[in-house]
1. Quick check: net charge around LEU67, other residues with Cβ under 12 Å of its Cβ, Lys/Arg +1 and Asp/Glu -1?
2. For the chain, list the cysteines whose Cβ sits under 4.7 Å from no other cysteine Cβ?
3. Looking at the chain as a GNM with Cα springs under 10 Å, which of THR214, THR33, THR134 has the largest mean-square fluctuation?
4. Using a Gaussian network model of the chain whose springs link C-alpha atoms within less than 10 Å, name the residue from THR167, THR141, THR90 with the highest mean-square fluctuation.
5. Would you please give the FRET efficiency between LEU232 and VAL153, computed as 1/(1 + (r/R0)^6) with r the Cβ-Cβ distance and R0 = 51 Å, to the nearest 0.05?
6. Which of rounded, prolate, oblate describes region 187-235, given a ≥ b ≥ c as roots of the alpha-carbon gyration tensor eigenvalues and a/c under 1.5 marking rounded, otherwise prolate only if a/b is larger than b/c?
7. Compute the relative contact order of region 47-143 as a whole-number percentage, counting only Cα pairs closer than 8 Å that sit 6 or more residues apart in sequence.
8. Which helices, taking whole DSSP H runs in the chain, have alpha carbons extending 24 angstrom or more along the helix axis plus mean Kyte-Doolittle at least 1.6?
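The values are calculated or read from the model by the stated rules, or taken from the named source; none is laboratory data. Keep in mind that what you see is a predicted model, and the values were worked out from it rather than measured. Using ideal geometry, Cβ is built from the backbone for each residue, glycine included, and neighbour counts are taken over all protein chains shown. Ligands, DNA and RNA are stripped out before the accessible areas are found, and what is left, the full protein with its side chains, is counted by its heavy atoms. Shrake-Rupley method; radii C 1.70, N 1.55, O 1.52, S 1.80 Å.
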Amino acid sequence: MKFLEANNFFGYSFSMLSNDIFAAPSLNHFCGTDRLGRDVCLRTLQGSSLAIEVVFLAILFSLSLGLPLGLLSGYFGGFFDKCLSLIMDTIFSIPVILLSVVVAFVLGKGILNAALALCIVYSPQYFRLIRNQTILVKSETYVEAAQVAGADVKKIIFKYILPNVITPLPVLLTLNAADAVLVLGSLGFLGLGVPADVPEWGSDLNLALAALPTGIWWTALFPGLAMFFLVLGLSFIGEDLEEIFDSQNSE
């Protein structure tokens with residue numbers, strides 16, 4: 001516990017000022033120190049918690065926006081569906097990195113702002129998926145029977161349509177989470193993610209570039225490896241879920 005506190009894991013302290021700057025990996029600092037004497041290993045762990053927090057918020061916001069809009073648009077159709085589809089398709093057509101950079105620049109730095117920037121990027125994907133699934137499900141016999149029986153719109157959507165359109169969501173959630181880690185790292189690398197005093201992999205990689213030609217490799221290696229393994233793990237989870245759902249559908 002004292003080791004974590006001394007190396008600024010739970011907050012900010014002045015103990016790091018006594019560390020050697022750019023110290024190579026050793027028993028005292030397993031991943032070395034950076035240009036300010038901060039422990040790279042602990043800073044990488046801090047960056048992992050931030051990445052998970054921002055990505056979780058971003059996916060939650062995207063799902064909260066895309067799911068209900070997709071349900072309503074797919075069920076009611078008409079002019080409402082055309083307007084929403086046009087807006088979402090326009091957002092979806094913009095490259096992810098470009099859109100996230102523009103939104104992050106407008107909103108400014110911050111954990112919540114970074115999550116909102118990613119939310120705008122991924123909301124159209126959930127909207128399109130749920131809308132298309134809703135259009136297919138609402139034409140099923142049991143939905144038409146519920147409509148003929150006089151069931152209200154709320155009951156039809158939440159009882160008959162919603163449970164049958166959310167099946168593909170876990171796959172999309174994990175794949176988007178993996179992509180969001182890379183986008184968040186890109187924003188941090190460009191200085192548009194979170195504030196400079198908050199540990200983040202992308203900003204650490206940006207700072208590590210200046211020291212890399214001088215042989216200081218550890219400040220770039222460990223944040224890069226952490227990002228790589230997190231993205232790889234989320235991608236594997238998404239692929240496994242996709243195989244599970246495909247096998248269930250084939251049966």
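1. +2
2. Cys with no partner Cβ under 4.7 Å: CYS83, CYS119.
3. Highest fluctuation among the options: THR214.
4. It is THR141.
5. The calculated FRET efficiency here is 0.75.
6. Since a/c reaches 1.5 but b/c is at least a/b, the shape of region 187-235 is classed as oblate.
7. 49
8. 169-189
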